[in-house]
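S.K.: I have a structure here, written as structure tokens, and I will follow up with some questions on it.
The values are calculated or read from the model by the stated rules, or taken from the named source; none is laboratory data. Small disclaimer: the values here were computed from a predicted structure and weren't measured. Here the Cβ positions follow ideal geometry from the backbone for every residue, glycine too, while neighbour counts run over all protein chains shown.
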Amino acid sequence: MQSTIKAAFLDSAEVKQRFVGQYADKIAQVAELMIAALKQGRKVLLFGNGGSATDASHIAAELVGRYAKNRKALPAVALTTDMSVITSTGNDLDFSEIFSRQIEALGKKGDIAVAISTSGKSPNVLKGVETARAIGMTTIGFTGGTGGALAERVDHAFIVPTKVTARIQETHITLGHVICGLIEDAF
């Protein structure tokens with residue numbers, strides 16, 4: 001049992017080391033884009049399914065509430081939390097529309113859309129990105145494996161170099177935390 005535990009932790013650390021080696025400069029660039037947008041009164045909309053939905057909520061909470069320091073609240077919305085909107089859109093229109101409809105309602109040119117999908121293939125996430133791009137939002141994708149269609153459709157893609165969903169999700173939340181910390185330092 002202990003060897004399984006140690007192997008999981010070591011694998012997670014190794015994936016994160018490969019990821020940061022590839023993306024450290026891009027993380028800084030994206031944080032600067034987000035800081036500039038937030039300083040201009042723009043907002044961050046985050047979305048994904050399953051574990052990625054909870055990551056979207058977690059990151060939004062860090063921006064609105066606080067990450068590590070007390071500072072003013074920053075405008076961030078997880079499009080994964082309003083059950084009435086999600087279920088009515090899924091029921092009355094189609095499940096593939098649950099994020100795109102909210103982006104259409106809430107997104108403005110200059111806002112930031114953060115799409116999270118471990119596979120990069122989720123139809124509702126891809127449709128949300130299409131709507132965000134049509135509005136003129138900056139699009140950021142957190143994905144893994146080969147990146148899927150998401151990596152090709154966003155302005156800035158972060159692809160975790162593994163096909164293991166758990167390792168992808170662990171890296172996504174670390175990425176979210178690092179970005180939140182950089183943003184918080186600017187405020």
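S.K.: If you go through region 90-118, how many residues are touching a residue at least 40 places away in the same chain (Cβ under 8 Å) and touching a Ser or Thr at 6+ places or on another chain (Cβ under 9 Å)?
M.R.: Start the filter on region 90-118 by keeping residues that are touching a residue at least 40 places away in the same chain (Cβ under 8 Å), which leaves 99, 102-103, 106-108, 110-118.
Applying the additional criterion that residues be touching a Ser or Thr at 6+ places or on another chain (Cβ under 9 Å) yields 99, 102-103, 107, 110-118.
Number satisfying all stated conditions: 13.
S.K.: Looking at region 53-63, can you tell me whether even one residue there is under 20 Å from I135 (Cα atoms) and touching a strand residue (DSSP E or B) at 6+ places or on another chain (Cβ under 7 Å)? Don't jump to the end; show me each part of the working.
M.R.: Going through region 53-63, the residues under 20 Å from I135 (Cα atoms) turn out to be none.
No: region 53-63 contains no residue that is under 20 Å from I135 (Cα atoms) and touching a strand residue (DSSP E or B) at 6+ places or on another chain (Cβ under 7 Å).
Residue-by-condition table, conditions (1) in contact with a strand residue (DSSP E or B) (Cβ under 7 Å, 6 or more places away or on another chain); (2) among the β-branched types (V, I, T); (3) more than 23 Å from L175 (Cβ to Cβ):
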residue: Q2; (1), (2), (3): no, no, yes
residue: R66; (1), (2), (3): no, no, no
residue: V77; (1), (2), (3): yes, yes, no
residue: T89; (1), (2), (3): no, yes, yes
residue: S100; (1), (2), (3): no, no, yes
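S.K.: Let me ask another. Would region 18-26 turn up any residue that is surrounded by 12 or more Cβ atoms within 10 Å (Cβ to Cβ), closer than 20 Å to G120 by Cβ, among the β-branched types (V, I, T) and touching a residue at least 40 places away in the same chain (Cβ under 8 Å)?
M.R.: No: zero hits.
Quick grid of which residues meet (1) aliphatic (A, V, I, L, M); (2) over 12 Å from the mean Cα position of the chain (by Cα):
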| position | (1), (2) |
| --- | --- |
| A105 | yes, yes |
| K121 | no, yes |
| M137 | yes, yes |
| G147 | no, yes |
| A151 | yes, yes |
| V154 | yes, no |
| A166 | yes, yes |
| E170 | no, yes |
| I183 | yes, yes |
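S.K.: Here's a follow-up. Taking the condition surrounded by fewer than 18 Cβ atoms within 10 Å (Cβ to Cβ), hydroxyl-bearing (S, T, Y) and farther than 15 Å from I59 by Cβ, does T146 pass? Don't jump to the end; show me each part of the working.
M.R.: Numbers: surrounded by fewer than 18 Cβ atoms within 10 Å (Cβ to Cβ): yes; hydroxyl-bearing (S, T, Y): yes; farther than 15 Å from I59 by Cβ: yes.
Considered against the rule, which asks whether it is surrounded by fewer than 18 Cβ atoms within 10 Å (Cβ to Cβ), hydroxyl-bearing (S, T, Y) and farther than 15 Å from I59 by Cβ, T146 comes out as yes.
S.K.: Sticking with this one: Restricting the search to region 47-80, which residues are part of a loop (DSSP other than H, G, I, E, B), in contact (Cβ under 8 Å) with a residue 60 or more places away in the chain and of a type in the set (S, T, Y)?
M.R.: As a first pass, look at region 47-80 and keep what is part of a loop (DSSP other than H, G, I, E, B): 49-50, 65-75, 79-80.
Now drop any that are not in contact (Cβ under 8 Å) with a residue 60 or more places away in the chain, which leaves 49, 66-69, 71-72, 74.
The answer is Y67, and nothing else.
S.K.: I would also like to ask the following. Quick test for you: out of A73, A61, A31, pick the one residue that is touching a helix residue (DSSP H, G or I) at 6+ places or on another chain (Cβ under 7 Å), closer than 26 Å to K109 by Cα and surrounded by fewer than 17 Cβ atoms within 10 Å (Cβ to Cβ).
M.R.: Numbers: A61 fails: touching a helix residue (DSSP H, G or I) at 6+ places or on another chain (Cβ under 7 Å); A31 fails: surrounded by fewer than 17 Cβ atoms within 10 Å (Cβ to Cβ).
The unique qualifying residue is A73.
S.K.: When the residues of region 87-115 are narrowed to those that are under 22 Å from F142 (Cα atoms) and touching a Phe, Trp or Tyr at 6+ places or on another chain (Cβ under 9 Å), which ends up surrounded by the fewest Cβ atoms within 10 Å (Cβ to Cβ)? So that I can check it myself, show each step before the final result.
M.R.: Pass one, region 87-115, residues under 22 Å from F142 (Cα atoms): 95-104, 106-115.
If we keep only those that are touching a Phe, Trp or Tyr at 6+ places or on another chain (Cβ under 9 Å) too, we end up with 98-99, 102-103, 113-115.
Numbers: I98: 24, F99: 30, Q102: 21, I103: 25, A113: 26, V114: 29, A115: 30.
Per the stated criteria, the residue is Q102.
S.K.: Can you find, within region 1-17, the residue that is surrounded by the fewest Cβ atoms within 10 Å (Cβ to Cβ) among those that are of a type in the set (D, E, K, R) and more than 18 Å from the chain's Cα centre (by Cα)?
M.R.: Let us first name the residues in region 1-17 that are of a type in the set (D, E, K, R), namely 6, 11, 14, 16.
Applying the additional criterion that residues be more than 18 Å from the chain's Cα centre (by Cα) yields 6, 11, 14.
Details: K6: 10, D11: 15, E14: 13.
Per the stated criteria, the residue is K6.
S.K.: With the checklist (1) over 16 Å from the mean Cα position of the chain (by Cα); (2) basic (K, R); (3) closer than 21 Å to I183 by Cα; (4) at pLDDT 95 or above in hand, flag the one item K43 doesn't pass.
M.R.: Looking at each condition in turn, K43 falls short on (1).
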